[in-house]
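The values are calculated or read from the model by the stated rules, or taken from the named source; none is laboratory data. What you are looking at is a predicted structure, and each value in this text was computed from that prediction instead of being measured. Cβ: placed from backbone, ideal geometry, glycine included. Neighbour counts: every protein chain shown.
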Amino acid sequence: MDEYGNSGEGRATRRDEAVRAAVEQGLLGPDSPIVGLLDVTGIRESAAELRAAFAEVTTPGTPVLHAFAVKATPLVPVLRLLREEGIGAEVASPGELALARAAGLSPAETVLDSPAKTPAELREALALGIAVNADNPQELDRIDGLVRSAVSRSPLGIRVNPQVGGGSIGATSTATATSKFGVALRDEGAREWVVRAYLDRPWLSRLHAHTGSQGIPLPLMAQGVAETYALAEEINRRIGRPQIDTIDIGGGLPVNFTSDATAPTYAEYARALREAVPGLFDGRYGLVTEFGRSLLAKHGTIVARVEYAKSAGGRAVAVTHAGVQVATRTVYVPGSWPLRITAYDGKGRPKSGPEVVQDVAGPACFAGDLLAEGRALPLLDQGDYAAALDTGAYYFAHHYAYNSLARPGIYGFVPDPARGVRFATVRDPQTLASIVAESGGAHAGALTTLHAPGSR
């Protein structure tokens, strides 16, 4: 059992019951061959674990905002559920901000981080009173002008890159020497520029850093936070007062994709931070966190029907309806983003029997569209189901429209003593009419009306 009771075994049991119920209730079948399932009980448990872990290490009364990284699962019902569980929103685009507002998140519960904010985005955030972290000197210049032209209630800060190094996945390492994010503190003159920026702007009250996500070990994450804390202390000392009152430590807790266990836990990370940076929790600084993957990944499952079972070169191949369109990172970079696959029979029951080395393929028209290659599983037959586990973040809510494949429906579920499992629609399956509309259907003849001068 994970700390605070979020049992991996309990998650697996709920998942198995949900897959069977999805088949029995018609959410999965020949005419709906792929769905995303969200474990609402698990999401609530993870949110509670996060809040409890930091409450354990912070001085009572310390302001703490846990802001969910919307990019991880940009679904309005998910954001509303997390808000109910005391979790805010970290947004990185106008679209994500619109989702957060649609979910009922208040400006005080919202943080805007992005490396490419437009003047219009900044103007809207400052008008609403949303917290903003400036990514670079040019952006801070823009904010200067907006602050001079209109009063804002927005807490404002600067994002810094502590340049402490990368983890095992380069694409998710944001504190490398050449990362595109934040002000690179170890570059010549950069640290003094940051200090001077605060000295010249008494309205700058926050400092933000984010070391990375999947593949970043806890000691490296803690080092990035420690470097940020040390800078805040230096700035306040130079100013002679506690101008920086809040430190945003980002998120990035990695997820275990090898089993149902949660590892590392929020409690382990919070304790590691308390050991590495004890002053962070003594009540002098408010805290903001921006966890995403670790809140949702374990609570999502993509289930796809096996349309055909065949063999090639002596290897079994199960051709399913889940591939690159829902698991883009896994298909293109399988070494960094492998997924566990579970086999279910045609009635949605866990499949048993001898394990057979096989490929689990997706529907897209290229050879590399594989959810799993050479994986030992009970043999998948036509009409069975393959489930990709731990896909609640960065998978079914990030559709890749290869071959104009439709976005699958997404359903949340909870155990129900009366019905076994109760479902709620999170997102409807995409219709063919929607695909046509998104592909310029309303402008079908637009190009035929364009002719170069003198060509006709």
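Return a yes/no flag: does the range 315-325 have any residue that is β-branched (Val, Ile, Thr) and in contact with a helix residue (DSSP H, G or I) (Cβ under 6 Å, 6 or more places away or on another chain).
Yes: the range 315-325 contains one or more residues that are β-branched (Val, Ile, Thr) and in contact with a helix residue (DSSP H, G or I) (Cβ under 6 Å, 6 or more places away or on another chain).
Within the range 199-233, can you find the residues that are closer than 18 Å to Leu156 by Cα and assigned to a helix (DSSP H, G or I)?
Answer for the range 199-233, where residues must be closer than 18 Å to Leu156 by Cα and assigned to a helix (DSSP H, G or I): Leu199, Asp200, Thr228, Tyr229, Leu231, Ala232, Glu233.
I'd like to know if the range 438-452 contains one or more residues that are of a type in the set (Gly, Ala, Ser) and within 30 Å of the chain's Cα centre (by Cα).
yes
So which of Leu79, Leu65, Leu50 is without any contact (Cβ under 8 Å) to a residue 40 or more places away in the chain, touching a Ser or Thr at 6+ places or on another chain (Cβ under 9 Å) and outside the structural domain of Ala327 (by TED's automatic domain parsing)?
Leu79
Identify, by number, the condition in (1) in contact with a strand residue (DSSP E or B) (Cβ under 9 Å, 6 or more places away or on another chain); (2) in contact (Cβ under 8 Å) with a residue 24 or more places away in the chain that Glu268 doesn't meet.
Result: Glu268 fails condition (1) only.
For the range 136-160, name all the residues that are under 22 Å from Val64 (Cα atoms), crowded, with 16+ Cβ neighbours inside 10 Å and not hydrophobic (A, V, I, L, M, F, W, C).
Ser152, Ser154, Pro155, Gly157, Arg159
State which residue pairs qualify: first residue farther than 16 Å from Asp390 by Cα and inside the range 320-338, second residue of a type in the set (Lys, Arg) and at pLDDT 95 or above in any location, beta carbons under 9 Å apart, and separation of 6 or more residues or different chains.
As it stands, the answer is Thr320/Arg305; His321/Arg305; Gln325/Arg407, since those pairs meet every condition given.
Could you list all residues from the range 58-108 that are under 18 Å from Leu128 (Cα atoms), touching an Asp or Glu at 6+ places or on another chain (Cβ under 9 Å) and among the aliphatic types (A, V, I, L, M)?
Matches in the range 58-108: Leu65, Ala67, Ala89, Val91, Ala92, Leu97, Ala100.
When the range 239-248 is examined, which residues are found to be within 18 Å of Val64 (Cα to Cα) and either part of a loop (DSSP other than H, G, I, E, B) or of a type in the set (A, V, I, L, M, F, W, C) (or both)?
Listed by number, the residues that qualify are Pro242, Gln243, Ile244, Asp245, Ile247.
Quick check on Thr62: is it among the polar types (S, T, N, Q), surrounded by 16 or more Cβ atoms within 10 Å (Cβ to Cβ), in contact with a Leu (Cβ under 6 Å, 6 or more places away or on another chain) and on the phi < 0 side of the Ramachandran plot?
No, not satisfied.
Just to verify a result, which residue in the range 234-244, among those that are surrounded by 16 or more Cβ atoms within 10 Å (Cβ to Cβ) and in contact (Cβ under 8 Å) with a residue 12 or more places away in the chain, is nearest to Val195 (Cα to Cα)?
Ile235
Which condition number does Arg329 fail, the rest of (1) basic (Lys, Arg); (2) in a loop (DSSP other than H, G, I, E, B); (3) under 25 Å from the mean Cα position of the chain (by Cα) being met?
Unmet for Arg329, out of (1) basic (Lys, Arg); (2) in a loop (DSSP other than H, G, I, E, B); (3) under 25 Å from the mean Cα position of the chain (by Cα): (2).
Considering (1) in a helix (DSSP H, G or I); (2) under 17 Å from the mean Cα position of the chain (by Cα), say which one Glu121 fails and leave the rest.
Glu121 satisfies every listed condition except (2).
Yes/no matrix, rows are residues, columns are (1) in the same structural domain as Trp337 (by TED's automatic domain parsing); (2) over 17 Å from the mean Cα position of the chain (by Cα); (3) part of a loop (DSSP other than H, G, I, E, B):
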residue: Arg237; (1), (2), (3): no, yes, no
residue: Gly250; (1), (2), (3): no, no, yes
residue: Leu253; (1), (2), (3): no, no, yes
residue: Ala261; (1), (2), (3): no, yes, yes
residue: Ala272; (1), (2), (3): no, yes, no
residue: Leu280; (1), (2), (3): no, yes, no
residue: Gly283; (1), (2), (3): no, yes, yes
residue: Lys310; (1), (2), (3): yes, yes, no
residue: Ala318; (1), (2), (3): yes, yes, no
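Tell me the residue from Gly292, Gly323, Gly286, Gly346 that is surrounded by fewer than 20 Cβ atoms within 10 Å (Cβ to Cβ), in contact with a strand residue (DSSP E or B) (Cβ under 9 Å, 6 or more places away or on another chain) and closer than 24 Å to Ala12 by Cα, please.
Gly346
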